1. I'd like the full set of residues that are aromatic (Phe, Trp, Tyr) and open to solvent by less than 50 Å² (accessible area, probe 1.4 Å), limited to region 222-260.
2. Run Gly252 past the list (1) out of contact with any strand residue (DSSP E or B) (no Cβ under 9 Å at 6 or more places or on another chain); (2) free of Cβ contacts under 8 Å to residues at least 60 places away in the same chain and report the number of the one that doesn't hold.
3. (1) in contact with a Lys or Arg (Cβ under 9 Å, 6 or more places away or on another chain); (2) over 23 Å from Pro45 (Cα atoms): which one isn't true of His169, the others all being true?
4. Just name the residue that is most open to solvent (accessible area, probe 1.4 Å) out of those in region 1-15 that are hydrophobic (A, V, I, L, M, F, W, C) and farther than 15 Å from His222 by Cβ.
5. Restricting to region 119-159, what's the tally of residues that are open to solvent by 10 Å² or more (accessible area, probe 1.4 Å), touching a strand residue (DSSP E or B) at 6+ places or on another chain (Cβ under 6 Å) and farther than 22 Å from Glu66 by Cα?
6. Could you list, in sequence order, the residues of region 160-204 that are farther than 30 Å from Val135 by Cα and open to solvent by less than 40 Å² (accessible area, probe 1.4 Å)?
7. Restricting attention to region 64-95, report how many residues are touching a residue at least 60 places away in the same chain (Cβ under 8 Å), touching an Asp or Glu at 6+ places or on another chain (Cβ under 9 Å) and not in a strand (DSSP E or B).
8. Checking Lys280 against (1) over 30 Å from Arg191 (Cβ atoms); (2) modelled with pLDDT of 95 or more: exactly one of these is not met. Which one?
Amino acid sequence: MATKTIKKRHPAMRDDIADLTTRRPVPGADIDQVDPFLFLNHHGPQVYPPRNRGLPFGPHPHRGFETVTFILTGELAHRDSAGHESVIKEGGIQWMTAGSGLVHAEISPEEFKRQGGPLEILQLWVNLPPKLKMVAPRYVGLQREEIPAIQSADGKVTVNLVSGQWNGHEGAMKPLLDLFMSTVEIAVGGRVSFPGVANRNVFLYVVRGSIRIAGEQAPQYHLIELSDEGDSVDIEAETDAVLLFGNGEPIGAPVVAYGPFVMNTREEIVQAIRDYEAGKFNAIPEGRVA
């Protein structure tokens with residue numbers, strides 16, 4: 001089995017949002033997207049003091065794509081105009097399909113604002129193909145215990161399998177697209193292999209630590225672009241490490257983005273803005289999550 005090699009390392013750009021530490025590896029100076037993966041924000045790690053203001057992501061609209069949010073530490077409250085709401089704690093994920101359009105808020109629960117604590121969150125934007133751009137919105141929130149945590153025989157690797165298949169195991173949810181999505185925890189010296197990635201784009205971001213791929217180093221806070229050739233990704237940990245690892249078939253359609261809207265044409269963006277301003281995305285229902 002041929003293994004993929006490192007083509008390029010893309011450092012995450014520091015781009016803080018208010019008092020929220022934020023790094024963004026994609027889009028970056030040398031990479032626009034890893035089709036179908038459009039955008040990644042890495043918030044934290046940081047520690048919020050007691051009586052803090054919490055996360056700054058109040059109600060805002062989206063159309064034409066999905067957001068997948070990984071709560072590595074801390075907790076995150078979600079509420080949207082389709083009536084979904086939840087508080088997802090450390091180790092859980094939120095998978096939201098914006099589709100035809102909704103308004104949502106991603107905020108800190110009241111208890112977190114009162115007491116403070118550590119916080120680290122990844123949010124990944126996943127594109128939708130033209131035929132699914134206007135699909136009905138949906139939301140899935142999963143706590144840590146609902147996500148299969150698959151350990152290697154030596155106990156040095158844990159694959160938290162959000163979607164897709166690995167080593168005979170099935171992920172926690174079935175997304176609209178054929179997507180493999182996981183976070184991976186590797187102790188120093190641990191090894192893990194992800195086969196079946198030929199003709200698929202791999203999204204690999206090193207959240208913590210340092211790893212090697214085909215003998216080459218991949219450091220913390222870098223998106224790792226891999227070679228087109230090869231049907232397996234073989235990883236070894238130089239230090240204790242945490243990775244965001246996904247893969248999917250490229251969509252290959254034009255991408256026209258404007259703020260919170262991702263469509264295929266400028267005309268569709270104009271229509272999205274008009275629909276939002278006309279109240280067609282609806283407002284978030286009154287009330288608040290805990």
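1. Phe245
2. Checking Gly252 against (1) out of contact with any strand residue (DSSP E or B) (no Cβ under 9 Å at 6 or more places or on another chain); (2) free of Cβ contacts under 8 Å to residues at least 60 places away in the same chain, the one that fails is (2).
3. All conditions pass for His169, except number (1).
4. Selected residue: Met1.
5. The number of residues fulfilling the criteria is 4.
6. Within region 160-204, Val184, Ile186, Ala187, Gly189, Gly190, Val192, Phe194 meet the criteria.
7. Of the residues in region 64-95, 2 are touching a residue at least 60 places away in the same chain (Cβ under 8 Å), touching an Asp or Glu at 6+ places or on another chain (Cβ under 9 Å) and not in a strand (DSSP E or B).
8. In the conditions (1) over 30 Å from Arg191 (Cβ atoms); (2) modelled with pLDDT of 95 or more, Lys280 misses (2) alone.
The values are calculated or read from the model by the stated rules, or taken from the named source; none is laboratory data. None of these values were measured; they are calculated from a predicted model. For neighbour counting, all protein chains shown are included, and Cβ atoms are generated from backbone atoms with ideal geometry for every residue, glycine included. Heavy atoms of the whole protein, side chains included, go into the accessibility calculation; ligands, DNA and RNA do not. Shrake-Rupley method; radii C 1.70, N 1.55, O 1.52, S 1.80 Å.
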